[in-house]
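Structure first, commentary second.
The values are calculated or read from the model by the stated rules, or taken from the named source; none is laboratory data. Since we're looking at a predicted model, the values are computed, not measured. Every residue, glycine as well, gets a Cβ built from its backbone with ideal geometry; the counts of neighbours run over all protein chains shown.
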Amino acid sequence: MRPSFQPRLINDPFSDPGLYIPFLYEKRALLFDLGQLRGLSARDLLKITHVFVTHTHMDHFIGFDTLLRIFLGREKEIHIFGPSGFFTHVEGKLAAYTWNLVDEYETNLTLRVTEVHPEKILTRMYICKDRFEPQSEQIRESFSGILWKEPSFHVEAAILDHRIPCLGLSLVENFYVNIIKEGLKELGLSVGPWLNRFKKALYEKKDPSDEFPVTREERGTVIKEKTFALGELAQKIATISPGRKVTYITDIIGSPENYEKVISLADRSDYLFIEAAFLDCHKEIAQRKYHLTAREAGELARLSDVKHYTLFHFSPRYNHMADELEKEAKEAARRE
Ligand SMILES: [Zn+2]
Ligand SMILES: [Zn+2]
């Protein structure tokens, strides 16, 4: 069974952190962290709708310009989340450029920026035509762990300690709809964009007795092929399985408070992406710099009971020693 989203680290583990999460069957992607984005093509970048920035140290935020550059002049809204103080950092980036000609654009780009606090989330809009001046109105919502919610998935966050607030992130899929090819064949149906509409109806828990028209497109015209009851069609062409969970943890000190929060956020993830900046023999440096060691990363993978884990954000001092970091984490992940 293919997962419906396929997370991948943008860069090698010695380069800037960042997780790209494209969705299967949809021209859409999420991004965790905004480090150097050279590893993504323009096509990849244009799929991004939501960006979650753990904190604004340069290696996690320098990609903001790349993202802004590619979307400038397009009709698009991008939602960007970050920890407390995030508005100041985004506004600082936007203030670096001259925007005197943007009112001539025919399209409009909107940045919807959300700042995450322990009990509230604040959202401000920055509109290209207004030279990215912050809109006077600010939206305030309560925050109890969920940053973004859609019918098929949600994104959770925990505020962790990196001597500054740093977000830990989880993408949680509600359930997964898998299409049975033989079922399609038996009904004489071919694959097409209608499958997205079909899945969406299931994610939105539409009434099984609702009519569902299967359509195909010919030269831009939508043609109705057959109509089914949604539940009946689902029985013939779909299997439903538990959704996947992807967790991303980086730039945190291995403190008891962080451990507790990470274990609860990452609990039984299918994929955990976790920093392993230092070897445990350099734990003193790791603690001073508020980073995890490889042993701690492995331990957190074990304590969170994750299926797979991937290490990243290695300190350059271990150039050619990536194996050592992997080995140390592996031993800690296995230990009972
Ligand atoms: Zn950092
Ligand atoms: Zn970092």
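Couple of notes before you dig in:
- Qualifying residue in segment 30-53 (condition: more than 18 Å from the chain's Cα centre (by Cα), closer than 22 Å to G168 by Cβ and touching a residue at least 24 places away in the same chain (Cβ under 8 Å)): no
- Matching option when the condition is within 16 Å of ligand 2 (Cβ to nearest atom), over 16 Å from L37 (Cβ atoms) and either charged (D, E, K, R) or within 22 Å of the chain's Cα centre (by Cα) (or both), among H60, H89: H89
This table checks each residue for (1) away from ligand 1 (no atom under 16 Å from the Cβ); (2) touching an Asp or Glu at 6+ places or on another chain (Cβ under 7 Å); (3) at pLDDT 95 or above; (4) polar (S, T, N, Q).
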position	(1), (2), (3), (4)
A42	yes, no, yes, no
H50	yes, no, yes, no
M58	no, no, yes, no
F61	no, no, yes, no
F81	yes, no, yes, no
T107	yes, yes, no, yes
T110	yes, yes, yes, yes
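- Residue check, E284 crowded, with 17+ Cβ neighbours inside 10 Å and either in contact (Cβ under 8 Å) with a residue 24 or more places away in the chain or over 11 Å from D251 (Cα atoms) (or both): no
- Within this structure, T114 passes the test of being within 30 Å of E275 (Cα to Cα), of a type outside the set (G, A, S) and modelled with pLDDT of 95 or more.
- F81 satisfies every condition listed in (1) among the hydrophobic types (A, V, I, L, M, F, W, C); (2) over 18 Å from the mean Cα position of the chain (by Cα); (3) away from ligand 2 (no atom under 16 Å from the Cβ) except (2).
One line per residue, one yes/no per condition, for (1) within 16 Å of ligand 1 (Cβ to nearest atom); (2) in a helix (DSSP H, G or I):
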position	(1), (2)
S264	no, yes
H282	no, yes
I285	yes, yes
Y290	yes, no
A297	yes, yes
D305	no, no
E324	no, yes
K327	no, yes
A333	no, yes
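- Pairs linking a residue in segment 251-273 that is under 10 Å from E296 (Cβ atoms) and in contact (Cβ under 8 Å) with a residue 40 or more places away in the chain to a residue that is of a type in the set (D, E) and in a helix (DSSP H, G or I), with Cβ atoms under 7 Å and 6 or more positions apart or on different chains, are G254/E296.
- So E275, is it acidic (D, E) and over 12 Å from D251 (Cβ atoms): no
Yes/no per residue for (1) touching a residue at least 24 places away in the same chain (Cβ under 8 Å); (2) surrounded by 14 or more Cβ atoms within 10 Å (Cβ to Cβ):
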site: L122; (1), (2): yes, yes
site: D130; (1), (2): no, yes
site: P134; (1), (2): yes, yes
site: R140; (1), (2): no, no
site: W148; (1), (2): yes, yes
site: S152; (1), (2): yes, yes
site: A157; (1), (2): yes, yes
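- Only one entry of I146, I139 meets the criterion of being β-branched (V, I, T), within 16 Å of the chain's Cα centre (by Cα) and under 30 Å from N196 (Cβ atoms), and that entry is I146.
- Residues that are hydroxyl-bearing (S, T, Y) and closer than 21 Å to E137 by Cβ were ranked within segment 72-103; the one that is surrounded by the fewest Cβ atoms within 10 Å (Cβ to Cβ) is T88.
- Segment 203-226 - residue that is modelled with pLDDT of 90 or more and in contact with a strand residue (DSSP E or B) (Cβ under 8 Å, 6 or more places away or on another chain) and, of those, farthest from L24 (Cα to Cα): S209
- Members of segment 114-146 found to be part of a loop (DSSP other than H, G, I, E, B) and in contact with a Leu (Cβ under 7 Å, 6 or more places away or on another chain), listed by number: F132, Q138
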